[in-house]
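Step one of this worksheet: look at the structure below.
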Amino acid sequence: MDVTRRPDARGLAALILGASLLGFAAMLVRWASPAGPLVVGFYRMVFALPLVAVLAWRSRTPGPAGPRLWAVLAGACFVADLWMWHTALHLTSAANATLLVTLAPIWVAVVSVLWLGARLRRRFWTGMALATAGALVLGLAQGARLGTGLGELLGALASLAYAAFTLALGKARRNLSTLEALFWVVLCCTALFGALGWARGEAFTGYPPRAWWALLALGLGVQVGAWWLITWGLGHVPTSMGAMGLMTQPVATVILGWLLLSEAMRPVQSLGALLVLAGVTLCALTPPALVPVPEGRFKQKANQPPMNTE
């Protein structure tokens, strides 16, 4: 998708809805206890894989292997993001780890400027600042505390992995259908989560029924439903804006935690939610633009394909 094109409102709506459904993931992971974090990721992918495979087979498109490699790379980045984030949660506060992961849109915007030829307008940066400030408020409202430094480092690295996932998935969506891209992501994640869980010695069986129901809901509801919406949405909006839309997840997590886990929503958390939504809305009204290419440079690269964010 060209960064000069105005984003499709349907794509942005699907992206925000999918990110909101991701808010259920935190509750389901908690209900899946005593399953370990890598095994939770493995079964999340295993339960999603058959349905995604069938749907992807029906929507497959012939073409070069390059886009599929981008989707596999996106899956590897997604595994790295979750693995580092889960590890960071044991080394520092959840607020610190989550806050640092929300740096991902900043990395995506920087790559869009330096690599994809995008020019982010002032209002876009303002929206990004509002959304990042909202994520900061949400994180601090949960009671942040200082860690040893390793957890914060892993959280920052996880944000880089999440940004790479967003960019790689957007690249894959240039030539792959939504479901085909999602299939390769899920397949890669299944293999990597399974191998890592086995290497780490996590148990794959012996869970109570509630845990299995939670794992099934993670696979079908979150991985298929939410990520189908997100993957489809990323094919209809610029990647920078897609990363911003994904920041609605912490808002959904706070609201669902209040409704399903009886976690009180403080006024400061409501303020953070409003800041995130305001920032996403402002970014949606200010799409990125390409920097004009000099005529001589254009002639020199006339045979090269146009540079896109998707």
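Before moving on, here are some points about what is shown:
- Those residues of the range 11-62 which are modelled with pLDDT under 80, more than 26 Å from ALA203 (Cβ to Cβ) and surrounded by fewer than 21 Cβ atoms within 10 Å (Cβ to Cβ), in sequence order: ARG58, SER59, ARG60, THR61, PRO62
- Meets criteria (closer than 23 Å to TRP70 by Cα, touching a residue at least 40 places away in the same chain (Cβ under 8 Å) and small (Gly, Ala, Ser)) for ALA195: no
The values are calculated or read from the model by the stated rules, or taken from the named source; none is laboratory data. Just so we're clear, the structure is a prediction, and the values are computed from it rather than from any experiment. Virtual Cβ from ideal backbone geometry, glycine too; neighbours counted across all protein chains shown.
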